[in-house]
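Remarks on the structure that follows.
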Amino acid sequence: MNELHPTTTPTPASSSLWRTVAEVERYVAADGWGAPLRLFALVRTADALARDPHLAQRLPEHVVAEAHADPGHLTSVEQDGLPDVADLDELLGQLAWPPGVDGAALVVERLLVPPDAEAEVRAATPADDEARAAALAAHPLAEEVRIAVGVLRDGGHECAVRSRSKDSDGEVATGADLVPGLVSALQATLQG
């Protein structure tokens, strides 16, 4: 299994998105493990304030001040009432965001095993998905992780990964390319 290492400093171009992904991950982490998938629309706070000046009265003062200081500042809006779907790919295939949404963030929990162990389990249980899932979950090298991914329409993206065995804010791995498949899938929801 590839070990994940926390990144200490984001690049200036990605700092707003990096900060937002870290905040969303910590927000979901506060609810503990075993949470369902969580989805967030991301909007540039300054643009939202320009469209709706009354929004400033509903946001904390520090958020309004940050938005005035940083035009790239993002506000996350959790999406309730997600459709009941069989898997993440199906959900992402149904998503489309209106033009006022600048990006999206997704937080999901997954079980990871090293590629060699996964191949071993797949070979031992080729036709039985239930048995394969049980064997993967029981594997001694299996690791529960919470993955947070944020993407913007301009292609910017950031990721955060927290493992259950190192469940503290200081142990969260961050970086743009930790989960490229999920980044691509979420980015596709912002197209056309």
Could you tell me what percent of the accessible area of region 126-166 is made up of carbon and sulfur, with a 1.4 Å probe and every protein chain present? 55 percent
Helix axis angle, 129-138 relative to the chain longest principal axis, alpha carbon, degrees: 80 degrees
Compare L91, L178, L42 in a GNM of the chain, Cα atoms joined below 10 Å, and give the one with the largest fluctuation. L91
Okay, which of region 14-50 sit inside 16 Å, backbone N to the point 7 Å along the Cα-Cβ direction of W97? 14-25, 38-49
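Computed over the Cα atoms, what is the radius of gyration of the chain divided by 2.2 N^0.38 Å, N being its residue count?
So the Cα radius of gyration is 1.12 times the expected 2.2 N^0.38 Å.
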Report, in whole Å, the centroid distance computed from the Cα atoms of region 39-56 and region 127-192. 27 Å
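To the nearest 500 deg cm²/dmol, what mean residue ellipticity at 222 nm is calculated for the chain from DSSP H runs of n ≥ 4 alone, each contributing -39,500 (n - 2.57), summed and divided by the residues?
Values: 8 runs with 71 residues, N = 192.
Computed ellipticity for the chain at 222 nm equals -10500 deg cm²/dmol.
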Mind giving me the FRET efficiency for A123 and Q191? R0 is 45 Å, r the Cβ-Cβ distance, nearest 0.05 is fine. 0.75
V85-H62 pseudo-label distance in nm [points 7 Å out on the Cα-to-Cβ vector]: 3.5 nm
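The values are calculated or read from the model by the stated rules, or taken from the named source; none is laboratory data. Because the structure is a prediction, the values reported are computed rather than measured. Cβ atoms come from the backbone with ideal geometry, glycine included; neighbour counts cover every protein chain shown. Areas reflect the complete protein model, heavy atoms only, side chains present, ligands, DNA and RNA absent. Shrake-Rupley method; radii C 1.70, N 1.55, O 1.52, S 1.80 Å.
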